[in-house]
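Read the figures in this text as sums done on the coordinates, not as results from a lab. Just so you know, these numbers come straight off a predicted model, no measurement behind them. Because the Cβ atoms are built from the backbone with ideal geometry, glycine has one as well, and the counts that use them run over all protein chains shown.
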Amino acid sequence: MTNALPPPKGKVAIVPSILSADMAELGKAVKTAERGGADWVQVDVMDGHFVPNLSFGPGVVASLRKRTKLALDAHLMITSPENFIAPFAKAGADLVTVHYEAARNPLAALKKIRAAGMKAGLALKPDTPVGRARKYLAHIDLLLIMTVYPGFGGQDFLPQSPERISQARHMIDASGKKIWLQVDGGIHAKTVAIAAGAGADSLVAGSAVYGAENPAGAITFLRKLSQQ
């Protein structure tokens, strides 16, 4: 059994992205996340079309599912993500996040994710108005505000991000629904408190974790900074 993705409980979750881990050691990477007390793990899926890079597929999620009880978050940065919901469900993903800009019918995709027994997430690229997510709030468990342009790890946190995170926080709070507000991109020691202070309660960190000398310790450190 895996640890299902919990609802938000008022504490900031630290979510390592294995995109920044050693590709030959992904099993060890998730074990490191466990030792560091990570809340869940993100698997960034890229198709070379919606974003200019290639990464993982359902097979990687299936392999990781055998090696960890942590919830696995498949962030689909791919065109027509609705075509891959069933394969990721079969692979053992606990959460699938699709991009508003990539899905032919975002609402249909979100409903399909939940019907497959997974939690549903909706992601917005930096240039997409936050308000576009409002009509989907009843159908999601997580709203992801990208704080870099998706496609590559190690980018700088965009300066407009705190305002966008704050807008999303107010929108979620006004809805009265239990929805994670996740940010992804440029999260490290100098930005983690900024993102959390703006209202994010799920922080994805890649290079800041797996580029550190002590990745497990980096997770603990980021969580501490997020509480300041």
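Fully extending the segment from residue 53 to residue 79, taken as 0.36 nm per residue of separation minus the present Cα-Cα distance, adds 8.1 nm. For the listed peptides 176-184, 154-162, 204-212, a ranking on the average number of other beta carbons within 10 Å per residue, highest first, reads 204-212, 176-184, 154-162. Given their separation in residues at 0.36 nm each and the Cα-Cα distance between them, residue 132 and residue 104 gain 8.6 nm when the chain is fully extended.
Note that region 140-151 has calculated 3J(HN,Hα) couplings of 10, 10, 8, 10, 9, 9, 6, 10, 9, 7, x, x Hz, one per residue in order, obtained from phi through the Karplus relation 6.51 cos²θ - 1.76 cosθ + 1.60 (θ = phi - 60°); glycine and proline are x. Couplings 3J(HN,Hα) for region 200-211, derived from phi with the Karplus relation 6.51 cos²θ - 1.76 cosθ + 1.60 (θ = phi - 60°), are 6, 10, 9, 10, 8, 10, x, 4, 5, 9, 7, x Hz, where x marks Gly and Pro.
From the alpha carbon centroid of region 41-86 to that of region 127-161 is 17 Å.
Here the calculated FRET efficiency for residue 163 and residue 224, from their Cβ-Cβ distance with R0 = 30 Å, stands at 0.75, rounded to the nearest 0.05. I need the shape label for the chain. Rule: rounded when a/c is under 1.5, else prolate if a/b > b/c, else oblate, with a, b, c from the alpha carbon gyration tensor. Verdict is rounded for the chain.
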